[in-house]
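One structure is given here, and the rest of the page talks about it.
Every read-out reported here was derived from the displayed coordinates using simple, explicitly stated rules and does not represent laboratory data. Not measured: the values here are computed from a predicted model. Note: ideal-geometry Cβ built from the backbone for every residue, glycine included; neighbour counts use all protein chains shown.
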Amino acid sequence: MSPFTVKHPQFEGPLDALLDLIERRELHVSDIALAKVTDDFLSYATSFNDFPLAESAQFAFICSTLLLLKSKALLPGLSLTSEEQGSIADLERRLKLLERFRALSRGLQKNLGIAPLYLPEERAVEPIFAPPSNLSLALFRDMMRAVLSVLPQAEKLAQVAMQKVISLEEMIEDLKERITSALRISFKDFSATHKAERVNIIISFLAMLELVKRGVIVAVQGEGHGDIVMETEALGTPRY
Amino acid sequence: MKLDAQIEALLFWRSEAMTKRDLSRAFGVNLVAINDALADLRKKLTERGIALVENGNEVALLTSPEASALVEKFRKEEMSAELGRAALETLAIILYKNGATRRELEYVRGVNSTAILRTLLMRGLVSRTADQKDDRVFRYEPTLELFSLLGISRAEELPEFAGIVSELGAFEKETEQITAAEL
C-alpha cells in the first residue's frame with residue numbers, strides 16, 4: 001500500500017508522516033529536504049482506501065504546499081506570491097517545532113522514573129466507632145434516591161431518514177443524452193422533469209455548467225433572468 | 001547524603017517505629033554509627049513540628065510534644081464532625097450494595113472517593129478487606145456497628161432495598177454495555 005513502512009499501525013497525521021519521511025533520510029527540516037520527500041508524501045497521501053475525512057483538508061493543504069515548494073526547487077525562476085511564500089514558511093515552522101518536540105520527548109523518556117518522590121506509607125489506623133449524630137435509615141434512603149436521580153441516561157440519538165437526491169453524475173448523463181437526441185433544449189424544459197425538489201434544479205444547473213466547461217454544449221441566455229437555451233457543440237449527423 | 005538524612009527519609013516513609021537493629025542492618029553500619037546519626041537528627045529537629053522519639057529499642061518520627069494539643073484538636077474534630085453530603089452518598093451506596101470497591105463507587109458517583117473512604121474507615125463506619133476475586137483490590141463494607149446503630153441486622157432491611165438495588169443494577173449493566181461497545 002504505502003511506499004514505506006509506517007512506524008505506527010494506526011493512521012498518522014500529515015505532519016507526523018512528513019517528519020517521518022524527512023528523518024528516515026537523516027535530513028533536517030529545510031526547503032531541500034521537503035522538496036526531496038514530496039513525491040513520497042503524495043503517494044502516501046493518495047494510498048488510503050478509507051481516508052479519514054477530518055484529516056483530508058490538512059493533507060490536501062500540505063500536499064499543495066509541497067508541490068509549490070518542489071516547483072520552486074525545479075524552476076528557480078518561478079516567482080511565488082507572498083501568500084504562497086507564507087504557506088511554505090508556515091509549514092517549515094510547524095515541522096521544525098514538531099522536530100524539536102520529538103527530540104525533547106526522547107530526552108524526557110530517558111529521565112522518566114529515574115528519581116521519583118514518595119509519600120509516606122499509609123499508617124495503620126485503629127478505627128474507633130465515631131459516627132456523626134444524624135445517621136438514620138431515612139437519611140440513607142433519601143441519599144440513594146438522590147444518587148439515582150442524577151445518574152446519566154444513555155442518549156438516544158434521533159434518527160432521520162436521509163432523503164435521496166439525484167447525484168450530479170446522473171444529472172450530467174441525463175442532460176447529455178437528452179441534448180444529443182434533441183440538439184437543442186431549454187433549461188426550463190430540462191429542469192422541469194426534476195422540479196420535485198428545489199435542490200434538483202440546482203443540480204441541473206451545475207450539470208449544465210459542467211457540460212459547458214467540457215465543451216459538450218453551448219449555453220445562451222437571451223435576456224437577463226430569461227430562459228437559457230442549450231445546444232450541442234458536436235455537429236454530428238442527427239440520428240432519427 | 002549523610003546518614004542522619006537517610007534515616008530521616010526512611011522513618012518518614014515507613015510511618016512507623018523501627019528498631020535500631022533494623023536500621024543498622026538496612027544501612028550496613030554498626031550501632032555506634034546509628035546512634036551518632038540519631039543524635040544528629042534529634043538535634044536538627046529541635047523546634048520543629050516533628051520530633052525523633054526513642055525508647056531503648058525503637059525510634060520513630062512523631063509529632064513534637066509542643067504540637068500535641070494541636071493534633072488532639074484536629075483528631076477530635078475529624079472524629080465528631082458531621083459527614084458532608086458526598087460522604088453520606090458514598091456511605092449510602094456502600095450500604096445498599098452491601099460493600100463496594102473504590103472503582104464501583106466512582107463509577108456511580110463520578111468523582112474520586114479516596115479522601116472520603118479514608119474518613120469512613122477512620123470513624124469505624126466501613127471496613128476494608130481484600131476482594132475475593134482479585135486480592136490487589138479492596139472492598140469497603142459497612143461495619144456491624146453501623147448496622148447496629150441503624151437498627152438493622154442485614155442490608156436487605158434497608159428501606160426500599162429491592163427497588164433501589166435493581167435500579168442501580170440496571171444502570172451499571174447499561175454503562176457496561178456501552179463501554180464494551182465503544183472499545
**Fill in**
B:ASN57 and A:SER79 label points (each 7 Å along its Cα→Cβ direction) are spaced in nm at 9.5
**Prompt:** For chain A, with equal point scatterers placed on the C-alpha atoms only and solvent neglected, what are the log10 I(q)/I(0) values from the Debye formula at q = 0.11, 0.13 1/Å, to two decimals?
**Reply:** -0.93, -1.00
**Message:** If you take every residue apart from B:ALA17 with its C-beta less than 9 Å away from the C-beta of B:ALA17, what net charge results, scoring Lys and Arg +1 and Asp and Glu -1?
**Reply:** -2
**Item:** Mean Cα-pair separation over length for chain A, i.e. relative contact order, pairs under 8 Å, 6 or more apart, %
**Value:** 13
**Request:** Identify the GluC sites (Glu not before Pro) of segment B:26-89 meeting these criteria: DSSP loop state and at most 16 other C-beta atoms within 10 Å of the C-beta.
**Result:** B:GLU47, B:GLU82
**Complete:** What one gets for the protein assembly as shown as the Kirkwood radius, inverse of mean 1/r over different Cα pairs in Å, is 31.5
**Prompt:** Three principal axis extents, largest first, for the C-alpha atoms of segment A:14-110, in Å?
**Reply:** 47, 31, 23
**Asked** Kirkwood Rh over Cα pairs of segment A:151-212 into Stokes-Einstein at 25 °C, 0.890 mPa s: D in µm²/s?
**Response** 181
**Request:** Mind checking segment A:18-125 for chymotrypsin sites (Phe, Trp or Tyr not before Pro) that DSSP puts in a loop (not H, G, I, E or B) and that have at most 15 other Cβ atoms within 10 Å?
**Result:** A:PHE48, A:TYR118
**Request:** Please average, across the residues of B:90-97, the number of beta carbons from any other chain that are within 10 Å of each residue's own beta carbon, and give a whole number.
**Result:** 4
**Complete:** Summing -39500 (n - 2.57) over every DSSP H run of at least 4 in chain B, dividing by its residue total and rounding to the nearest 500, the 222 nm mean residue ellipticity is -17500 deg cm²/dmol
**Asked** How many nm is it between the label spots at B:SER153 and A:VAL218, if each spot is 7 Å from the Cα in line with the beta carbon?
**Response** 10.5
**Fill in**
Taking R0 as 45 Å and r as the Cβ-Cβ distance between A:ALA124 and B:GLU176, the FRET efficiency 1/(1 + (r/R0)^6), rounded to the nearest 0.05, comes to 0.80
**Prompt:** Most fluctuating residue of A:GLU92, A:GLU55, A:GLU197 in a GNM of chain A with Cα springs under 10 Å: which is it?
**Reply:** A:GLU197
**Prompt:** Within segment B:113-183, which trypsin sites (Lys or Arg not before Pro) sit in a loop by DSSP and count at most 13 neighbouring Cβ atoms inside 10 Å?
**Reply:** B:LYS133, B:ARG136, B:ARG154
**Under DSSP loop assignment and at most 15 Cβ neighbours within 10 Å, longest trypsin sites (Lys or Arg not before Pro)-free interval of chain A** = A:26-122
**Request:** Count the net charge of all other residues whose Cβ sits under 14 Å from the Cβ of A:VAL125, scoring Lys and Arg as +1 and Asp and Glu as -1.
**Result:** 0
**Asked** Gaussian network model of chain A, Cα springs within a sub-10 Å range: biggest mean-square fluctuation belongs to which of A:GLN109, A:GLN159, A:GLN85?
**Response** A:GLN159
**Request:** Given the options A:ALA146, A:ALA60, A:ALA219, state which has the largest fluctuation in a GNM of chain A using a 10 Å cut-off (strictly under) for Cα springs.
**Result:** A:ALA219
**Prompt:** Going by a ≥ b ≥ c, the root eigenvalues of the Cα gyration tensor, does segment A:39-85 fall in the rounded group (a/c under 1.5), the prolate group (a/b larger than b/c) or the oblate group?
**Reply:** oblate
**Request:** List, largest first, the extents of the alpha carbons of chain B along their principal axes, each in whole Å.
**Result:** 67, 42, 26
**Prompt:** What number comes out for the charge environment of A:PRO14, summing +1 per Lys or Arg and -1 per Asp or Glu over other residues with Cβ under 11 Å away?
**Reply:** -3
**Asked** Where the centre of each part is set by its Cα atoms, how far does segment B:152-183 sit from segment B:38-72, in angstrom?
**Response** 49
**Averaged over A:148-155, number of beta-carbon atoms from partner chains that fall within 10 Å** = 4
